[in-house]
Amino acid sequence: MSLLAPLGLIALSSILALIIIYIIRPNYQQKFISTTFVWKLSLKYRKKKIPTSKLRNIILIICQILILTVCSFVLAHPAKIKKEQVDYEEVIVVLDSSASMRALNDEYKTRYERAIELIKDRTENVFEGGGLVSLIVADADPDYLFERYDKTNEYELGLLLDEMLEEDSACTYGSADIQTALNKCEDILSDNPRAKIVLYTDTDYDNAPKGVEIVHVYDRDSEWNVAILNAGAELDENYYNFVVEVASYGRAYRATVDLRVENGNADDASSAGITYNYSTDVYCPDGVPQTVIFRHSFSTVKKEDYEDENIAFVEQSDFYSDMIYSYQRVHVSIAESDDSIDVDNRFDIYGGQKEVIKVQYSSSNPNPFTRSVLLNLRSYYNSIGRWDMQLTEVKRDTEPSTEGFDFYVFEDKMPERLPTDGVVFLIDPSSTPNNLGVRIDSNPYAYRMGDEFVLVPLIEGDDTEHPVMSGVSAYDIQISAYRRISGYDSGQYSVLMSCSTGEPAFLIKDSENSKVVIMAFSVHYSNIGLLPAYPRLMLNVMNYFFPPTIEKNAFEVGDTVSVNSRGDSVDVIGTIEKIPTLTEFPAKVKFNIPGTYTFLQTTYFGKNLTDSAFVNIPSYESNITVVEDGLITPYVETDPDEFFKDLLLYFAIGLVSLLFIERLLHFTET
């Protein structure tokens, strides 16, 4: 048995107090009684009772002493030891592996390298004392590198730490989730609450977590960093302005920002353009980001439009010929800096050469509604910088082309054979092309009430969740006539909207070599031309069959990007990182290393597509002097039952029993 609170035994002094009370308590006084008879009877009674009275008094005092003793032990919290608390040192090392740990000091050692050297020294000291060491690598997804190693693992541990120094990817280019790393310590702390957490980091915290030792590995005297936090191109009056955000941390610095436009103003990716070079000096106070805008001569952007004082304008040129409307790549860099982190001194801007989408619209009776929708789509895609949508309208009584376009729209009059090199949209087809795979009744079926046409709403088709139906309600669209379609393969065609008769009104086919949309009614015999549903349908069709490979051209390390394809596969080529060929879409790609990534694919129709994106380290990591609010101490709920079996219950039972006996003895006294 052990006592968890030995000071409770001080209460045993109460036994001494009890003995003193019995000593100083007055005895019975002998008195003479005049009546001899009463005296004799009293003497007789006393002779009978004296032995019993003495025994009861002895038992009573023993019982009271035991009561006080038990109470004292209760205060001392008696328990039986189930397992001993560890008496050796145990350390849980948390290593910050964020991009800022790559900062070099004047000895050309990174913070990460210095941290590992300190960890080596710490583990040697712990092992000498017979202790245990665990290491958690704190990156975007923290986890144990090794757990509870002792001196027998010293050689293996040394190899692991040496490998971390040699591998460039050991210290990430992204951010570290320090709080999750600390929470990982809870597993060991629940087993050994005395284990010590040591965090090796380059971040200052206003409120350090309780029980966590923070070892700072920065060198404020020699470390500083100038960085391009972000860069991009913005269309202004159909020409590009280039916006660059620059900052310096650790010291004020006058940075020279160089900007090179490659293949500028080329007609397309295969054409040769012009290289433009611009440069400007920007003064960066310590820790205050500055925005540089390289604007063209007729830009509408003015400094007074910005409330931010940290804006610098640089004219691209005084000549109209230098105004840039397209580019292949814009390379931005900080010239001749000797700062602590080099990887954030450059930034590439992509997306300046839009893919050309050739669209042909052919109709025996050109429809102003359809034409307007196509023109609006062209303006929309041009404004968001996605495509250069080139629209060709086939004149009436002129045969349309069946090759050379990406998107074909045929209205009323159909070609004898469908094109096989692009997406085909058929509106109110009056005949059946040979390779369509359905039968179309050339005579339209009309809803009539007497001699009048009647508008009847459409109903939902079989595939109500299809992306083409996003934001479109079939019940809002009313028609008075339609072309009856039969003989279609339900395995290839999906019915998105149906007529009230149950016959298909809007079908879509999406196979590898054939992509067809059939709208079986005319805009003239429906209300769709007056509804947002018509441009929405056309927009959904374009987005469905021509999805962007990537949504934008700039990301940060750690971002997960959705990749789409218009073919069987997409190859992703990075500067260092190897990414397997993507074959299931939409695919998810996570960028772990900064640099340019190129996405290559061949569409089902044989068109080669190339998209590029630049990945930079998180702008937060460029600030190598950052101060955080604080961290939360790992929560550990220690269970004393794991170490001790509480004996209070047994002592309580004994105490109650003694109190009962003591009270019973008092009752027998009378």
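Read-outs: derived from the displayed coordinates by stated rules, not from any lab. Here the structure is a predicted model, which means the values were calculated and not measured. Quick reminder, even Gly has a Cβ in these numbers, built from the backbone with ideal geometry, and neighbours come from all protein chains shown.
Compared with the dominant principal axis of the Cα atoms in the chain, helix 368-383 is inclined by about 60°. Applying a DSSP loop filter and a limit of 16 other Cβ atoms within 10 Å to the GluC sites (Glu not before Pro) in region 253-317 leaves E307, E309. Normalised by 2.2 N^0.38 Å, with N the number of residues, the alpha-carbon radius of gyration of region 322-380 equals 2.07.
Residue separation of E107 and I653 scaled by 0.36 nm, minus their Cα-Cα distance, works out to 189.4 nm of gained length.
State the antiparallel share, in %, of DSSP beta bridges confined to the chain, rounding to the nearest 5. The partial results should precede the final answer.
Working: 85 of 136 bridges.
So the antiparallel bridges in the chain amount to around 60 percent.
Here, P(r) means the percent of Cα pairs in each 5 Å bin from 0 to the largest distance; for region 70-194 it is 2, 10, 17, 19, 17, 12, 7, 4, 4, 3, 2, 2, 1, 0. Relative to its Kirkwood radius, the Cα radius of gyration of region 512-631 gives an Rg/Rh of 1.16.
Peptide packing for 552-559, 369-376, 135-142 was compared via the average number of neighbouring C-beta atoms within 10 Å per residue; ordered from the highest value, the list is 135-142, 552-559, 369-376.
Using 0.36 nm per residue and subtracting the Cα-Cα separation, the extra length available between R663 and D451 on full extension is 65.1 nm. If R0 equals 60 Å, the separation of the Cβ atoms of N207 and I274 corresponds to a calculated FRET efficiency of about 0.60.
For the pair K590 and I214, what calculated FRET efficiency results from E = 1/(1 + (r/R0)^6), where r is the Cβ-Cβ distance and R0 = 35 Å, to the nearest 0.05? Mind dumping the intermediate values first?
Working: r = 30 Å, r/R0 = 0.84.
Once the sixth-power term is evaluated, E becomes 0.75.
Positive end of the dipole of region 152-309 (Cβ unit charges, origin at the Cα centre): among S248, G264, A181, the Cα lying farthest that way belongs to S248.
Diffusion coefficient (Stokes-Einstein, Kirkwood radius over C-alpha pairs, 25 °C, 0.890 mPa s) for region 368-460: 155 µm²/s, rounded to a whole number.
Rg then Dmax, both in Å and based on the Cα atoms of region 355-545: 15.7, 52. Within the set [x] 110, 53, 46; [y] 155, 80, 54; [z] 94, 66, 58, the number that Cα extents along the principal axes in Å takes when calculated for this structure is listed as [y].
Work out, step by step, the length gained on full extension between I10 and N543: first 0.36 nm times the residue separation, then minus their alpha carbon distance; give nm to one decimal. All intermediate terms of the calculation are to be shown ahead of the outcome.
Values: separation 533, 0.36 × 533 = 191.88 nm, distance 8.34 nm.
This chain segment gains 183.5 nm when fully extended.
Evaluated with a Cβ-only charge set (Lys, Arg +1; Asp, Glu -1), the chain carries a dipole of roughly 5900 debye about its Cα centre, given to the nearest 20. With the convex hull drawn over the C-alpha atoms of region 554-618, the volume per residue is 67 Å³. Distances between placed amide hydrogens fall under 5 Å for E577 paired with no residue 5 or more residues away or on another chain. Under the convention that each Lys and Arg Cβ holds +1 and each Asp and Glu Cβ holds -1, the size of the dipole of region 355-545 around its Cα centre is about 320 debye. Select from Q601, L55, S340 the residue farthest towards the positive end of the dipole of the chain; place +1 on Cβ of Lys and Arg, -1 on Cβ of Asp and Glu, and compute about the Cα centre. Among Q601, L55, S340, the one farthest towards the positive end of the dipole of the chain is L55.
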